[in-house]
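The values are calculated or read from the model by the stated rules, or taken from the named source; none is laboratory data. Since we're looking at a predicted model, the values are computed, not measured. Cβ placement follows ideal geometry from the backbone for every residue including glycine, while neighbour counts extend to all protein chains displayed.
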Amino acid sequence: MLEKLSYVRKKLFAPFLVNVNPVSVSVVSLLLAFAAAYFLFTSSWLFAAILIAASAFLDALDGEIARKYKRDTKFGDFLDHVLDRIADSAFLIALAFNPNIPSTLALLTLAAVLLVSYLGTEAQALTGKRLYTALVGRADRLVILIAAAIAQIFYSNAILYALYLILILSAITFLQRFYLTAKQLTK
């Protein structure tokens, strides 16, 4: 199954793999994330969904470019993760300031998302391997957010329910990652 997904991923990215600096692709991805955050703040849901999707696509593409053209570095990996957290924060802070969204919910979701990411990097620091496993990852959260932004056009509580869903799934993912890391460290 994973081999088929890898094949689909390679086919999807193939037309876009050009020999450019992957860091510049990461920066453009972040700029699109900031634009998406603005549209989340202003309740322009379709524009937000399109820009989140474009940002996520470029975020995945930068790594593919780096690997294909042998430009992957530890700094690039570090920068990619930092920019991902900035983008995640921008989305959720924008929603926290949107007058139609409970700010407490958006900020709790932000805290949960950042804690999930923190456990992944803490696992890497302590065990030498980044921990991506568990219930939901960044790509899953972005898919939920994109779908909710589109659904929000037709159903006024879609973003609200998406935030609850991301919060709950992130809390479960946090507990899973904590358990998996603790288990590995106590072997």
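Worth pointing out:
- Filter pass, I101 being hydrophobic (A, V, I, L, M, F, W, C), in a helix (DSSP H, G or I) and either more than 16 Å from the chain's Cα centre (by Cα) or surrounded by fewer than 18 Cβ atoms within 10 Å (Cβ to Cβ) (or both): no
- If you go through region 130-158 and keep only what is within 26 Å of D80 (Cα to Cα) and β-branched (V, I, T), you end up with T133, V136, V143, I144, I146.
- Where S89 falls short, out of the listed (1) among the small types (G, A, S); (2) farther than 24 Å from L31 by Cβ; (3) surrounded by fewer than 17 Cβ atoms within 10 Å (Cβ to Cβ); (4) modelled with pLDDT of 95 or more: (2)
- Qualifying residue in region 143-158 (condition: within 12 Å of D88 (Cα to Cα) and either outside any loop (DSSP other than H, G, I, E, B) or among the hydroxyl-bearing types (S, T, Y) (or both)): yes
Conditions (1) modelled with pLDDT of 90 or more; (2) out of contact with any strand residue (DSSP E or B) (no Cβ under 9 Å at 6 or more places or on another chain); (3) assigned to a helix (DSSP H, G or I), marked per residue:
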position: A14; (1), (2), (3): no, yes, yes
position: S43; (1), (2), (3): yes, yes, no
position: L58; (1), (2), (3): yes, yes, yes
position: A66; (1), (2), (3): no, yes, yes
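- Residue list for region 121-141, restricted to those being within 23 Å of L61 (Cβ to Cβ) and crowded, with 19+ Cβ neighbours inside 10 Å: V136, R138, R141
- Counting the residues of region 95-149 that are of a type in the set (D, E) and under 24 Å from A36 (Cβ atoms) gives 1.
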